[in-house]
Each structure stands twice: as structure tokens, then as C-alpha cells.
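The values are calculated or read from the model by the stated rules, or taken from the named source; none is laboratory data. Everything numeric here is computed off the predicted structure, so don't read it as measured data. Cβ: placed from backbone, ideal geometry, glycine included. Neighbour counts: every protein chain shown.
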Amino acid sequence: MSVSGAIERTRSLPRIAHVRAFTVRGGGADYHDQGDGHWIDDHIATPMSRYPEYRQSRQSFGINVLGTLVVELEADDGTIGFAVTTGGEPACYIVEKHLSRFLVGRSPAEYEKIWDQMYFSTQYYGRKGVVLNAISGVDLAIWDLLGKLRDEPVYHMLGGAVRDELQFYATGARPDLAKEMGFIGGKLPLHHGPAEGLEGMEKNIALLSDMRAKCGDDFWLMYDCWMSLDLDYATRLAHRAWDECGLKWIEEALSPDDYWGYAALKKAAPPGLLVTTGEHEATRWGFRMLMDMECCDIIQPDVGWCGGVTELIKIANYADSRGVMMVPHGSSVYSYHFVITRHNSPFAEFLMMHPGPTEVVPMFAPQLLGEPVPVNGHIRASELDRAGFGVELNREIALQRPYSNS
């Protein structure tokens, strides 16, 4: 096809005619919104663990109050692209009442200009958090729509696969079972923070030691600290976990805004132990801070929170130029299509959303239909060979549309 022909094909793409934002409760993209007895809500260390009344359950302080955001974009030919992330009703309002003006009548091929307008129009009240979740949801829906209009998987539009399959580590309470299921490593939630003192530290090390004994020396073990530690505690935990249990990495140990603390932790960590963070960071500017200040060995953006695929491209390119590994936070197909195209993303995260977790189940169920799951810790690239992100929205779930942009 000639250059002029390609330009004309892009110009002739159907335009976005309708923007709809829904919220839904229970699991899925808001994976913390689980029932009683789920491992993900069982005495996990958080910044709120300093308060005894909020220590046992993360839901007690409201980790699940938002629910899932579903963004649906319908083109004027009836084709629908969609995406799910977190944000719930507040994000619905932002999408319907603010961001929709940059979408209706536009071609999804204009994703760069649309992203720029969404970000800078909300900068005075946004930049991170729920606003970036909303922007991310819209951006992912744009890529899904564009892929469906072009009849291409998103990963083809991102340059194609650089390997034949994805390999995964598992996040959950049972790394020993994850090893039996074929995963390359297991990431545990840290259960006890600084407020629980030396006794809590000993319990953390004891759990890790038990898992090391069950998994053997050749299996990766990691600790997810979920922003719960201070520099002193994180440093002591890092050294003990490395020396006594061979910990592979310590993740998101400090507040995401404490770049200086992360830089100090990376310098103080034992050689060989990786410092990782970025799950709750957003945009190229936030990740530039992490990398320029040498805060970590691996960045972990969540494509549903950091700005979507359009922004993740920029983050990943900067990481590649700095020689920094990027392993996105678990976000199902939305990260799979990206990781398969990147040499500096050699493996991916899989969140074990079974309550046990004693079996592999779809990560964003019940909201996504056709979601691939690892078999023996792997997903073949060919399993992503469906248009867009390759999944469909489950129309049987209780979607609520609290606002309208009409």
C-alpha cells in the first residue's frame, strides 16, 4: 500500500460516536473487592497497619470502595472497543463529563493527540490517582477499538512479538503451589509492618523461610510490601530476607512519593537483591523520577493506572534507554499484549485470584470473557491473536451507568 493509501485508510476509519462509562462491583479489575476469607485481604501490611483497627483487613480501611470502571467506545459503524480498570463511579464522572469531549467525532488512530488533551485538560486536578485511572481506561478502550477496526491484535500494532510465549511468576499466598503449577517464581504479601515490631519481623522471616524450604533454592521468592515500610525496617528486612532466605526482590517497600527513600534503600540493599517499585506511579514523568534518581532495579507500571498503552510506550522506551527492566503490575491482557513486544520485559506477573489460591483462574473474571490464563506458567503468543485485546465484556454482570455525557 502506498503512503497516500495508508493515510487515506487511517482517515477513513470510523469515528467514535458514543462514550459510555460503567461501574461494577465484585472482583475483576478491582481485584481487592473480594468476599470474606480471600488471601488478598488477610492481615497484609499497609500504610494503615499503624492503626490496630485497620490491620487485619485491607477492606476495613476502604481498599475496595471504588469498584471497577468499564469504558466503552462505540464507533459510528457499530464497532465497540472497551477496557476495564479501577476507579468506579468517580472515574465514570470524569470520563462522561470531561474526557468524552475529546473522543466523540474523533478517529481512534489519533490516540496520541487524544491522550495529550485528556492529560493536560485534567492536570489541574489530576496527574495521578483516579484521574489517571480514568485516562488509562479510555486509552485502553481506544487501542481495543483500533485493533477491532483494523482486525489486528494490539501487540501487532505495537510492533509484534519478540518471543513465542510469555512466562509468568505468580503473586499469592502459596508460592509452593505456584511452583507446582509451573510458574518461575512466587511473590508473597508481607503480613507484618513496623508497628508490629520485632515479633512481626520474625513472623515475616519465618513465613519466607518456610516457603524457601518448601520451594527449594532454585525458585524465585519475592516480598510485596505494599507501601507499608519505613527505610530502616525495609533495609533490615532486605538484609535478613536475602541472607537467610535468598529473597529475589523487595517490592514497593516505601511510599510511592518517597523517591529519596527508594534511592537510599537501593544503595543500602545487599548486592544481588533487587529493589522494585512503580505499581502506584503514573506517567513518564513519575517513572523518570524513579529511574533518574536510581530508585530501583525494576519498574512495575500498571497499564490501567499509569496512563494506558500510549503512555506505557514512553515509559518503556525510557526504561530501555536506561537499561532498566520493566515488569508491569498484573493487569491481564492489557499488559500481556505489551510485554510480548518488549525485550526489557522478559516475564510477566500473574495475580492468583483464587481464594486459596490453589488453582489458576482468570484474573479479571467475571468481567472479561475469553481471558487467557497461564498453563504450566506460560501463555503462547498465538493465544493473543484476536482483534484488539482479544477479550469481550461479560454482558451478564450488573453494569451501572451513573452518568451520561449527552
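Restricting to region 229-252, count the residues that are within 16 Å of Thr171 (Cβ to Cβ) and of a type outside the set (Val, Ile, Thr). Full working, then the answer.
The first filter runs over region 229-252 and keeps only residues within 16 Å of Thr171 (Cβ to Cβ), leaving 247-252.
Add one more test, that the residue is of a type outside the set (Val, Ile, Thr), and what stays is 247-249, 251-252.
Residues flagged as within 16 Å of Thr171 (Cβ to Cβ) and of a type outside the set (Val, Ile, Thr) within region 229-252 amount to 5.
Being of a type outside the set (Asp, Glu) and within 26 Å of the chain's Cα centre (by Cα) is true for just one of Ala206, Ala170, Ala213. Which residue is that?
Numbers: Ala206 fails: within 26 Å of the chain's Cα centre (by Cα); Ala213 fails: within 26 Å of the chain's Cα centre (by Cα).
Checking each option against the conditions leaves just Ala170.
The condition of being of a type outside the set (Lys, Arg) and surrounded by fewer than 19 Cβ atoms within 10 Å (Cβ to Cβ) holds for only one of Val333, Val327, Val303, Val361, that being Val361.
Inside region 28-51, can you point out the residues that are over 28 Å from Val70 (Cα atoms) and not in a helix (DSSP H, G or I)? Residues satisfying the conditions are His43, Ala45, Tyr51. In this structure, does Arg386 turn out to be touching a residue at least 24 places away in the same chain (Cβ under 8 Å), assigned to a loop (DSSP other than H, G, I, E, B) and either more than 24 Å from Ala316 (Cα to Cα) or not acidic (Asp, Glu) (or both)? Spelling it out, Arg386 is indeed touching a residue at least 24 places away in the same chain (Cβ under 8 Å), assigned to a loop (DSSP other than H, G, I, E, B) and either more than 24 Å from Ala316 (Cα to Cα) or not acidic (Asp, Glu) (or both). The combined condition, being basic (Lys, Arg), in the same structural domain as His337 (by TED's automatic domain parsing), touching a residue at least 12 places away in the same chain (Cβ under 8 Å) and surrounded by 17 or more Cβ atoms within 10 Å (Cβ to Cβ), is fulfilled by Lys187.
The rows are residues; the columns are (1) touching a residue at least 60 places away in the same chain (Cβ under 8 Å); (2) closer than 21 Å to Thr171 by Cβ.
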{"residue": "Ile40", "(1), (2)": "yes, yes"}
{"residue": "Val65", "(1), (2)": "no, no"}
{"residue": "Ala91", "(1), (2)": "yes, no"}
{"residue": "Ser100", "(1), (2)": "yes, no"}
{"residue": "Glu110", "(1), (2)": "no, no"}
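Restricting attention to helices (runs of 4 or more DSSP H) lying wholly within region 52-158, give those where 1 or more residues are surrounded by fewer than 19 Cβ atoms within 10 Å (Cβ to Cβ) and within 19 Å of the chain's Cα centre (by Cα). Even if it seems obvious, please write down each step before you answer.
On the way: elements: 88-97, 111-121, 129-150, 154-157.
Per the criteria, 129-150.
Selection of region 76-104 for residues being out of contact with any Ser or Thr (no Cβ under 9 Å at 6 or more places or on another chain) and under 14 Å from Leu146 (Cβ atoms) yields Asp77, Thr79, Ile80, Gly81, Phe82, Leu103. Flag set for Phe350, criterion: in a strand (DSSP E or B), crowded, with 17+ Cβ neighbours inside 10 Å and either modelled with pLDDT of 95 or more or in the same structural domain as Ile135 (by TED's automatic domain parsing) (or both). Leu274 fulfils the conditions (1) out of contact with any Pro (no Cβ under 9 Å at 6 or more places or on another chain); (2) among the aliphatic types (A, V, I, L, M); (3) closer than 22 Å to Tyr54 by Cα except for a single criterion, (3).
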